[in-house]
Amino acid sequence: MALHAHQRLRHDVVLRMLDVLRVERLSPHMQRVTLGGPGLRGFRGASPDDHVKLFLPNRDGELVLPALGANGPEFPPDREPSPMRDYTPRRHDAARDELTVDFVLHGDGPASNWAAQAAPGQQLGAGGPRGSFVIAGDFDHYVLVGDETALPAIGRWLEEMPAGTRATALIELPDAADRQPLHTHADVDIRWLARHGEAAVDSRRLEQALQELPAIEGDVFHWIAAESGRARAMRQWLEQRGVPKDWIKATGYWKAGADDDND
Ligand SMILES: Cc1cc2nc3c(=O)[nH]c(=O)nc-3n(C[C@H](O)[C@H](O)[C@H](O)COP(=O)(O)OP(=O)(O)OC[C@H]3O[C@@H](n4cnc5c(N)ncnc54)[C@H](O)[C@@H]3O)c2cc1C
């Protein structure tokens, strides 16, 4: 097999109605919601940075999901569609038919607001994952860089990394109290960077920590997820330093000043 060959997998899109089974406040700004029920059967996801589209209650408190027709998803014309937001399947337990999603409580938005009040017995819609981008497992080192919205993906990745893998994780959080215990068999250096109340969009802690990393030997894969302007700037910085494009995945997980209603 070629060196550092990433794999792109497609999955059939399935829309599901899921039951809230449990809710747990992991830290001041992170709410864990465990979803399940018969709707979850057959769920698949192959990569730690997969995402599902969650469908949240509309302004009438209703879940209005599209039908999957020949022309793609179509919402009923006479009802307000559910707002949709992207979230990481933090853990999927196929034996128990449970899916864990960790929501950042960032202030105001349909997803954050819903998560803050979530309670067992409620429901949520979910679509996907449509595909998985499986990053090659043969790099010498992985540098994972993200803010709190990336913590579910980073946490899952570290948990799934085989022993012997080497990684550095730079994780920015609203507060020191938002740190979480992360379990891994890999050889990982985790650096927690607390903003102490500064707005995520104004912080440059991830950028600075990335720039100050000592040189790492061998082939290094960089994974970045944060506010979109910051993720883009960090990608550009790496590219300017000669890191090959295929050795970087940088994604905007949210956009300052914008809601996510356009997708
Ligand atoms: C692939 C992918 C995976 C993701 N996984 C997760 C995940 O597992 N957990 C998670 O919490 N988020 C995750 N996100 C980010 C999440 O989709 C966005 O934060 C989303 O905008 C939240 O929706 P909302 O309805 O709460 O706020 P919106 O209605 O989208 O936004 C309302 C306002 O809040 C601001 N805003 C949105 N998100 C944040 C934030 N995090 N911090 C500060 N201000 C914000 C917006 O700029 C806007 O002004 C992921 C995003 C992507 C693309």
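Condition check ((1) within 14 Å of residue 30 (Cβ to Cβ); (2) under 15 Å from the mean Cα position of the chain (by Cα)) across all residues:
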position: 126; (1), (2): no, yes
position: 134; (1), (2): no, yes
position: 140; (1), (2): no, no
position: 147; (1), (2): yes, yes
position: 163; (1), (2): no, no
position: 180; (1), (2): yes, no
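Only a single criterion out of (1) free of Cβ contacts under 8 Å to residues at least 24 places away in the same chain; (2) within 15 Å of the ligand (Cβ to nearest atom); (3) not charged (D, E, K, R) is not satisfied by residue 256, namely (1). Taken over the stretch 179-227, the criterion of being surrounded by 13 or more Cβ atoms within 10 Å (Cβ to Cβ), more than 21 Å from residue 253 (Cα to Cα), in contact (Cβ under 8 Å) with a residue 40 or more places away in the chain and not hydrophobic (A, V, I, L, M, F, W, C) is satisfied by 219 alone.
Please indicate, with yes or no, whether at least one residue in the stretch 59-79 is in the same structural domain as residue 21 (by TED's automatic domain parsing) and within 11 Å of the ligand (Cβ to nearest atom). No, the stretch 59-79 contains no residue that is in the same structural domain as residue 21 (by TED's automatic domain parsing) and within 11 Å of the ligand (Cβ to nearest atom). Filtered by the rule that a residue be touching a residue at least 24 places away in the same chain (Cβ under 8 Å), near the ligand (Cβ under 10 Å from one of its atoms) and surrounded by 16 or more Cβ atoms within 10 Å (Cβ to Cβ), the stretch 111-127 gives 111, 114, 115.
Within the stretch 126-148, the set of residues being in a loop (DSSP other than H, G, I, E, B) and of a type in the set (D, E, K, R) comprises 130, 138, 140, 147.
Residue 34 fulfils the conditions (1) away from the ligand (no atom under 11 Å from the Cβ); (2) part of a loop (DSSP other than H, G, I, E, B); (3) among the hydroxyl-bearing types (Ser, Thr, Tyr) except for a single criterion, (2).
Filter the stretch 204-247 down to the residues that are more than 16 Å from the ligand (Cβ to nearest atom), outside any loop (DSSP other than H, G, I, E, B) and either among the basic types (Lys, Arg) or in contact with a strand residue (DSSP E or B) (Cβ under 8 Å, 6 or more places away or on another chain) (or both) and list them by number.
209, 210, 220, 221, 222, 238, 239, 245, 247
Among the residues of the stretch 128-149, those that are within 13 Å of the ligand (Cβ to nearest atom) and closer than 24 Å to residue 13 by Cβ comprise 128, 129, 130, 131, 132, 133, 149. Only one of the numbered conditions (1) at pLDDT below 95; (2) near the ligand (Cβ under 8 Å from one of its atoms); (3) closer than 18 Å to residue 14 by Cα is not met by residue 107, and that is (3).
Just the residues that are without any contact (Cβ under 8 Å) to a residue 60 or more places away in the chain, in a loop (DSSP other than H, G, I, E, B), of a type outside the set (S, T, N, Q) and surrounded by fewer than 15 Cβ atoms within 10 Å (Cβ to Cβ), please, taken from the stretch 42-74. Give the derivation first.
Of all residues in the stretch 42-74, those without any contact (Cβ under 8 Å) to a residue 60 or more places away in the chain come to 42-43, 57-62, 64, 66-74.
If we keep only those that are in a loop (DSSP other than H, G, I, E, B) too, we end up with 42-43, 57-62, 64, 66, 70-71.
Of the ones still in play, those that are also of a type outside the set (S, T, N, Q) are 42-43, 57, 59-62, 64, 66, 70.
If the condition is that a residue be without any contact (Cβ under 8 Å) to a residue 60 or more places away in the chain, in a loop (DSSP other than H, G, I, E, B), of a type outside the set (S, T, N, Q) and surrounded by fewer than 15 Cβ atoms within 10 Å (Cβ to Cβ), then 42, 59, 60, 61, 62, 70 are the ones that fit.
The values are calculated or read from the model by the stated rules, or taken from the named source; none is laboratory data. Note that this is a predicted model, so its numbers are computed, not measured. Cβ: placed from backbone, ideal geometry, glycine included. Neighbour counts: every protein chain shown.
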